[in-house]
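Here the structure is laid out as structure tokens; the discussion comes afterwards.
The values are calculated or read from the model by the stated rules, or taken from the named source; none is laboratory data. The shown structure was predicted, so the numbers you read here are calculated from the model rather than taken from an experiment. Note that each Cβ is placed from the backbone with ideal geometry, even for glycine, and that neighbours are counted across all protein chains shown.
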Amino acid sequence: MKNKILLGFLVLVLVVSVFFGGRFFERQRVKKEASIQNTLNPTNSLNSPIQNLTVVEVTDGDTLKLSSGKTFRLYGVNAPEVKEPYYAEAKAFSQNLVLNKEVSFEQEEKYKEDKFGRILGYVFVNGVNLNLELVRNGLARVVLYEKRAKIKYQDELLQAEQKAKELKLGIWKR
């Protein structure tokens, strides 16, 4: 009888611990997501998928520094790095489109930051998707990961990449 009471008490303690522990970790996750959103634009609510800020520096074709001090990395594309062919062209293209302009940022749903702390997503200026335009002009490759779910603009990006390859634009000239 004593063992059953003790076992029942331990089960009760375990259930209560799991319940409150789960709530604690869920609150921590929500706080982290809110923190990421607030670094983009502290005046917008957590539920707003699109944020507006000014681009103050273009590091390379797919990486931008924002007026908030954060760095934004275009998601689903990879522009040439320093010393690679078309690096300068990709960087200049992005500069011409977004530097010192107010742009809209739409974060990727599942992957909000990369391992370097850069915010991941899509950039729009006057309704134009920078991610898509870089690919369309042969200045970036589409990057997809087999184990991840389909990304938001995947179909458009793949179509733009195929067209750039057919036309032998930019990085596809070889």
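Out of the residues in segment 87-125 that are of a type outside the set (A, V, I, L, M, F, W, C) and within 24 Å of L167 (Cβ to Cβ), which is nearest to the chain's Cα centre (by Cα)? Working first, answer last.
From segment 87-125, those of a type outside the set (A, V, I, L, M, F, W, C) are 87, 89, 91, 94-96, 100-102, 104, 106-115, 117-118, 121-122; that's our starting set.
Then keep just the ones that are within 24 Å of L167 (Cβ to Cβ); that gives 87, 89, 91, 94-96, 122.
Working: Y87: 21, E89: 23, K91: 19, S94: 17, Q95: 19, N96: 21, Y122: 7 Å.
By that ranking, first place goes to Y122.
Please go through segment 71-83 and give me each residue that is outside any strand (DSSP E or B) and basic (K, R), ordered by number.
Matches in segment 71-83: K83 only.
Just to be sure I understand the filter: pairs with C-beta atoms under 7 Å, separated by 6 or more residues or on different chains, first member in segment 113-132 and closer than 16 Å to V143 by Cα, second member in a strand (DSSP E or B) and among the acidic types (D, E). Which pairs pass?
Pairs that qualify, where the first residue is closer than 16 Å to V143 by Cα and the partner is in a strand (DSSP E or B) and among the acidic types (D, E), are L120/E113; G121/E106; Y122/E106.
Could you pull out every one of the helices (runs of 4 or more DSSP H) wholly within segment 84-174 that has 2 or more residues that are surrounded by fewer than 19 Cβ atoms within 10 Å (Cβ to Cβ) and modelled with pLDDT of 90 or more? Outline the logic, then answer.
Values: elements: 87-98, 130-136, 154-167.
Correct list: 87-98, 154-167.
From the residues in segment 72-83 that are in contact with a helix residue (DSSP H, G or I) (Cβ under 9 Å, 6 or more places away or on another chain) and touching a residue at least 40 places away in the same chain (Cβ under 8 Å), which one is surrounded by the fewest Cβ atoms within 10 Å (Cβ to Cβ)?
P80
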